[in-house]
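Everything on this sheet refers to the single structure shown next.
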């Protein structure tokens, strides 16, 4: 899973979230951004309205929460979602052992050049590649 900090960076770079079943998120407020929630018909349900998307907490999932707006939430995209967002710029993912540690490297074509992003967590490498891709697209 990507970090909250990387998720914020992606959001601030322009990545937009349209909540779907299975998506993970945190409430984007200090001291409550440690609990990860999953959009699901059973516990956290998406409700679309003309004023925006509301994430409703059903039953006793969270006694202190009725709902939060999508704008108060921070999407934590999964590895597969990040790979899909890279689209045709994605070249590949490699896994190597470096000094006894496993390192994953995502390679993507960004602004006409092949670039690599490495992390011990594949989703973070994908997130870093997507961040660079978005930044290059906006330049």
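The values are calculated or read from the model by the stated rules, or taken from the named source; none is laboratory data. Remember, it's a predicted structure, so these values are computed and weren't measured experimentally. Because the Cβ atoms are built from the backbone with ideal geometry, glycine has one as well, and the counts that use them run over all protein chains shown.
Worth a mention:
- Neighbours by Cβ (under 6 Å, 6+ apart or cross-chain): first from the range 21-48, at pLDDT 75 or above; second surrounded by fewer than 17 Cβ atoms within 10 Å (Cβ to Cβ) and assigned to a strand (DSSP E or B): 24/38
- Qualifying positions in the range 1-25 - assigned to a loop (DSSP other than H, G, I, E, B) and closer than 14 Å to residue 73 by Cβ: 15, 16, 17, 18, 19, 20, 23
- Considering the range 62-139, the qualifying strands (runs of 3 or more DSSP E), each wholly inside and each with 3 or more residues that are at pLDDT 95 or above, run over 90-98, 101-110, 113-119.
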